[in-house]
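Colleague: Got a structure for you, written out below as structure tokens; questions coming shortly.
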Amino acid sequence: GQTRIGSDCVIGPSTDLQDTIVGDGVHVEHSVGRGAVIGDAAHVGPYSFLRPGTVLEPEAKVGAYCEVKNTRVGRGSKIPHLSYVGDAEIGTGVNLGAGTITANYDGEDKYRTTIGDGAFTGVNTNLIAPVTVGEDAYTAAGSVINKDVPPGKLAVGAPARAIAESPQRR
């Protein structure tokens, strides 16, 4: 394929890269890259999957057990662990808490999530696309975000509510 690896990198063990561009000073361990771009001094893994269209800007981090698809991760931003981020634009200096996901597919169409510079998501945040989390905004742990969060604001809560009998009860 078209894989290129820069200088002063640590690749492996158990790393599989295809059609992936790796910058200088990158660490990738126990991970898979397919059609991704990994910027200088970025860290990936262990056990992460960078799918096609993923671009990690310099000094970005994708940690343990993450999957990233068709997403730009800004300079110095972190997706530390146990997260799925697909079809998103993540600004600089963002920290996504463990278990953050972008719910980008409704069964028919895919939608994008935008996360502004300096934003922070608490653990187990669900971002239901299309949605924007503004610059320097925060989400509390366990939040389900289905409306835009304005810059500098804190969003909390989950909009889920019981609306019908469960399939097992019908």
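Colleague: If only one of 88, 103 is under 13 Å from the mean Cα position of the chain (by Cα), among the aliphatic types (A, V, I, L, M) and open to solvent by less than 20 Å² (accessible area, probe 1.4 Å), which one is it?
Modeller: 88
Colleague: Name the pairs: first residue in the range 1-13 and more than 14 Å from residue 42 (Cα to Cα) and open to solvent by 100 Å² or more (accessible area, probe 1.4 Å), second residue part of a loop (DSSP other than H, G, I, E, B) and among the aromatic types (Phe, Trp, Tyr), Cβ to Cβ under 9 Å, at least 6 apart or on different chains?
Modeller: Note: no pairs meet the criteria.
Colleague: Based on this model, can you work out whether residue 41 counts as open to solvent by 10 Å² or more (accessible area, probe 1.4 Å), of a type in the set (A, V, I, L, M, F, W, C) and either more than 27 Å from residue 130 (Cα to Cα) or in contact with a helix residue (DSSP H, G or I) (Cβ under 9 Å, 6 or more places away or on another chain) (or both)?
Modeller: So residue 41 fits the description; yes.
Colleague: Next question. Only residues in the range 126-148 that are touching a residue at least 12 places away in the same chain (Cβ under 8 Å) and surrounded by 19 or more Cβ atoms within 10 Å (Cβ to Cβ) count as the first member; pair them with residues that are in a strand (DSSP E or B) and of a type in the set (Phe, Trp, Tyr), Cβ under 7 angstrom, at least 6 apart or cross-chain, and list the lot.
Modeller: That search, which allows pairs on different chains as well, returns 138/120.
Colleague: If you don't mind, another one. Does residue 138 qualify as being under 19 Å from residue 83 (Cβ atoms), among the aromatic types (Phe, Trp, Tyr) and over 15 Å from the mean Cα position of the chain (by Cα)?
Modeller: Yes.
The values are calculated or read from the model by the stated rules, or taken from the named source; none is laboratory data. Keep in mind the model is a prediction, meaning the values are calculated, not measured. Positions of Cβ are generated from backbone atoms using ideal geometry, with glycine treated the same way; all protein chains shown enter the neighbour counts. The area values use the complete protein model at the heavy-atom level, side chains included, leaving out ligands, DNA and RNA. Shrake-Rupley method; radii C 1.70, N 1.55, O 1.52, S 1.80 Å.
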